[in-house]
Amino acid sequence: LTGVLDDCLCDIESIDDFNTFKIFPKIQKLQERDYFRYYKVNLKRPCPFWADDGHCSIKDCHVEPCPESKIPVGIKAGSSNKYSKAANNSKELEDCEQANKLGAVNSTLSNQSKEAFIDWARYDDSQDHFCELDDERSPDAQYVDLLLNPERYTGYKGPSAWRVWNSIYEENCFKPRSVYRPLNPLAPSRGGSCLLYFLMQFLKHSLCLEKRVFYKLISGLHASINLHLCANYLLEETWGKPRWGPNVKEFTRRFDPIETKGEGPRRLKNLYFLYLIELRALSKVAPYFERSVVDLYTGNGHEDAESKALLLDIFRDTKSFHMHFDEKSMFAGDKKGAKSLKEEFRLHFKNISRIMDCVGCDKCRLWGKLQTQGLGTALKILFSEKEIQSLPENSPSKGFQLTRQEIVALVNAFGRLSTSIRELQNFKVLLQQTR
């Protein structure tokens, strides 16, 4: 893969260098921090679109929830919207527990600030969400340690997996309705490859920028997930000791130009495009986190400070990138038409997030929900630039806010993309070694 990506002025080589030397090492460290490693998710929500196919019985599909005792006190106490300045001692932790309804607010805050937090908790920003969010108060919602439940190949495949992706593409991606896109990741790609090529060309020349972007985001997410599975594949299991690692044959089957009749490289280019979109979102949301009121609160003051410093360091790197995607070119037509298209865009993506509850493998569902929510949060950020720029320094804002779940999903989803691009470099080396 070389050259400039479509619909933006950025070349692949610049992204590779930027990711390898700037982003990847730092985002890996950030994901290991307590604030970002624990994700609350409901893996028991029923599929809203078709009868449940039954859950995957393969042991690698299983997700191990985190015991309540292992969750940092600042994360499990109270509302998900908490950016407390509480120090890590018993008195203030006790105050924090008593302030659940205020989002674990420090008792030294003024009454005016407390009222602002109450308003924040009451504020319903569902119209800004691009994802169907889990109800964290549900008894079925559990914390998961992402480091102990890594995304990798589980063996989940067949009709259930195929139906999920087919539904995402066929029913939710903008494309000519007269063109059917067969998408069976298990079937040989030769069948229908001419149709896929025709579809891509038709999309490029007949659909507006917004609809092409939507299709590329979903294709890029699909490519990224497939890369994770290829890079962390179960190579062998002897005497109960599994060996995980890169599977070159599987990578070739999914992405090689000859095996996919040219479709594979386009999928990988869409991965880069998705990386640029989420990178742009991180650079845009930086002012939200630069405020003193945002503290990435876990209850451990020292770790919280280090986590925020590392996050702000990553934001500085994202701002330094000189070939960002220009989101201002989207929805730039007449106000009525642009508003209608933006809402259609949002509802399509929200529907895709609901489809993630139809995934039969718990581990696949976990990471599918997290990465979908991360992308949805990125889109929410890109369409909220004015609200972010007008944020008050010392209090929450009704105009724009992020829950802890959205923050965790945003960082981990971008971390997955960063890992995908890094793994792609590894596969390039492995492919050269096999020739």
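You will find that of LYS342, LYS335, the residue that is within 15 Å of PHE214 (Cβ to Cβ) and surrounded by fewer than 23 Cβ atoms within 10 Å (Cβ to Cβ) is LYS342 and no other.
Output the residues belonging to the stretch 325-359 that are in a loop (DSSP other than H, G, I, E, B), more than 18 Å from TYR169 (Cβ to Cβ), in contact (Cβ under 8 Å) with a residue 40 or more places away in the chain and not aromatic (Phe, Trp, Tyr). Within the stretch 325-359, ASP326, MET330 qualify. Scanning for something without any contact (Cβ under 8 Å) to a residue 40 or more places away in the chain and over 27 Å from ILE225 (Cβ atoms), does the stretch 291-299 turn up at least one residue? Taking every residue of the stretch 291-299 in turn, none turns out to be without any contact (Cβ under 8 Å) to a residue 40 or more places away in the chain and over 27 Å from ILE225 (Cβ atoms). In the stretch 4-16, the residues that are free of Cβ contacts under 8 Å to residues at least 12 places away in the same chain reach residues that are assigned to a loop (DSSP other than H, G, I, E, B) and of a type in the set (S, T, N, Q) with C-beta atoms within less than 9 angstrom, at least six apart or across chains, in these pairs: GLU13/THR2.
So that you can scan it fast, the table gives a plain yes or no per residue for (1) more than 19 Å from LEU9 (Cβ to Cβ); (2) part of a helix (DSSP H, G or I); (3) of a type in the set (Lys, Arg):
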{"site": "TYR215", "(1), (2), (3)": "yes, yes, no"}
{"site": "ILE218", "(1), (2), (3)": "yes, yes, no"}
{"site": "ILE225", "(1), (2), (3)": "yes, yes, no"}
{"site": "LEU229", "(1), (2), (3)": "yes, yes, no"}
{"site": "GLU237", "(1), (2), (3)": "yes, no, no"}
{"site": "ARG254", "(1), (2), (3)": "yes, yes, yes"}
{"site": "ASN270", "(1), (2), (3)": "no, yes, no"}
{"site": "ILE277", "(1), (2), (3)": "no, yes, no"}
{"site": "ASP295", "(1), (2), (3)": "yes, no, no"}
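Could you tell me whether GLU68 is under 25 Å from SER138 (Cβ atoms), open to solvent by 30 Å² or more (accessible area, probe 1.4 Å) and modelled with pLDDT under 90? Judged against the criteria, GLU68 is a match.
All told, LYS350 falls short of being within 30 Å of LEU43 (Cβ to Cβ), of a type in the set (Lys, Arg), surrounded by 15 or more Cβ atoms within 10 Å (Cβ to Cβ) and in contact with a Pro (Cβ under 9 Å, 6 or more places away or on another chain).
The values are calculated or read from the model by the stated rules, or taken from the named source; none is laboratory data. Model, not experiment: these values are computed from the prediction. Here the Cβ is made from the backbone with ideal geometry for all residues, glycine too, and neighbour counts use every protein chain on show. Note: accessible area is taken over every heavy atom of the protein model, side chains too, but ligands, DNA and RNA are not part of it. Shrake-Rupley method; radii C 1.70, N 1.55, O 1.52, S 1.80 Å.
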